[in-house]
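Notes for the one structure printed next.
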Amino acid sequence: MNAPGGLDLASIPERIQSEVQRAIQRSIKGVEYISSSGPSLGSTPKDILSVRGTMNLYHYRPIVDEIYRVPILIVMATTNRGYILDMVPGQSFIEFLLKRGYDVYMLDWTAPKPEEKSLRMEDYVLDFIPDCIRRVQQDSGEQDVSVIGYCFGGVLSLLYGSIFSDGPMKNLICFTTPVDFREMKLFHNFADRRYFDVDRLVDSVGNLPPEMILSSFEMLRPASRAASQVQLWENIWNDEYVKSYRMFDRWATDILPLAGEYFRTITKDLMWGNKLFHGTMSVGGHAADISQIKVPILHAVAEHDHIVPYDAAKHLIPNVGSTDKEEVMLKGGHVSLVAGPNAIKRLWPKLDSWLCERSI
């Protein structure tokens with residue numbers, strides 16, 4: 001029997017029952033979500049080669065018999081944990097590289113202690129990265145090393161490569177790496193020198209609190225957390241969706257503090273002075289002009305990156321001095337470019353095809 005307007009009255013009890021069952025399922029799954037700890041991340045077998053202060057150097061154990069000659073050192077962003085590149089089996093960039101025959105190392109970070117507030121840009125660029133490069137050389141027995149820098153890890157890699165332009169870096173790959181910091185619009189406004197007293201902040205609190213960094217990220221998309229939680233509730237009975245949500249949400253909120261002096265330099269030299277873009281950056285008295293970089297370089301950028309917009313990243317490839325250089329723009333955002341289903345289909349195969357012939 002149909003009511004006016006075409007409503008099928010006979011189907012109403014069935015539809016009500018369906019909605020009731022869905023509500024019950026949501027409640028059950030919601031309790032499971034709250035009471036469980038989520039999937040284990042960063043589980044690809046690895047050895048710790050060095051732990052020094054906030055620096056951690058890992059070597060992932062090879063899983064194939066034949067490996068490329070040139071090892072890879074991944075340099076993570078200093079605000080983020082490295083497990084974004086080593087989610088769960090089947091969704092791990094590290095696992096993908098190992099299966100493709102690469103010898104993989106990672107420079108990962110832990111939270112700087114209060115007494116490490118004096119860590120400077122020099123410590124990262126002139127000490128931590130060169131120390132890891134030397135250890136990779138010693139462990140692998142090879143002098144050449146390819147470097148992959150993610151986000152601000154890419155900035156550190158650019159600074160390192162411009163200062164140590166005679167080697168031993170053989171190839172450089174950057175993911176979503178900013179060069180023109182004027183185009184980091186919200187961060188630039190947030191750090192406006194007319195209102196933001198970075199000296200007072202660093203002198204008062206020492207290390208930049210992670211809550212402050214997380215808030216600045218969330219201000220880029222103010223409604224995104226609420227929207228994602230609504231989507232989670234709507235898909236709470238979908239175990240794969242929930243698993244993926246928990247992995248990425250954990251990483252997105254697992255923010256590291258930044259050492260105070262290091263943050264002071266980021267603010268003054270990069271945000272205010274835009275010195276990387278202008279070619280006037282120096283680190284510890286060493287000129288760090290990216291035009292001095294001559295090695296093969298690949299820069300992967302995301303079409304919908306809200307953290308590092310394309311206008312902030314597009315100057316990298318034109319400004320380096322390499323002749324073998326390529327920019328590739330792929331669909332996705334700042335995180336989905338490197339991790340998740342889109343990355344598996346797009347970025348990972350592209351990187352493999354670019355790097356394999358340069359790793360022999």
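Set the Cα radius of gyration of segment 260-360 against 2.2 N^0.38 Å, with N its number of residues, and you get 1.23. Around the amide H of residue 173, modelled in the peptide plane, lie the amide H atoms of 147, 148, 149, 298, all under 5 Å away and 5 or more residues distant in sequence or on another chain. A straight Cα-to-Cα reach below 13 Å connects residue 170 with the aspartates and glutamates 142, 144, 324, 357, residues fewer than 8 places away in its own chain not being considered. Taking amide H positions as modeled 1.01 Å from N, with prolines and chain starts lacking one, the residues under 5 Å from residue 334 and 5 or more places away or on another chain are 306, 307.
A cut-off under 14 angstrom between Cβ atoms defines the neighbours of residue 310, and their net charge, with Lys, Arg +1 and Asp, Glu -1, is -2.
Backbone phi angles across segment 136-148, fed through the Karplus curve with coefficients 6.51, -1.76 and 1.60 (θ = phi - 60°), yield HN-Hα couplings of 5, 4, 5, 6, 8, x, 10, 7, 7, 9, 8, 10, 10 Hz in residue order; Gly and Pro are listed as x. In order along segment 60-66, the phi-based Karplus estimate (6.51 cos²θ - 1.76 cosθ + 1.60, θ = phi - 60°) of 3J(HN,Hα) comes to 7, 6, x, 10, 10, 6, 9 Hz; Gly and Pro are listed as x. Within segment 156-201, the chymotrypsin sites (Phe, Trp or Tyr not before Pro) that combine a DSSP coil assignment with at most 16 other C-beta atoms in a 10 angstrom radius are 195, 196. Excluding same-chain neighbours fewer than eight residues apart, the lysines reachable from residue 185 by a Cα-Cα span under 26 Å are 268, 275, 314, 331. Distant-in-sequence amide contacts of residue 289, defined by a placed amide H-H separation under 5 Å and a gap of 5 or more residues or a different chain, comprise nothing.
Each reported figure results from applying straightforward, stated rules to the coordinates on display, with no laboratory input. Only a predicted model underlies this, so the values are computations on that prediction, with no experimental measurement involved. Glycine also receives a Cβ, built like all others from the backbone with ideal geometry; neighbour counts cover every protein chain displayed.
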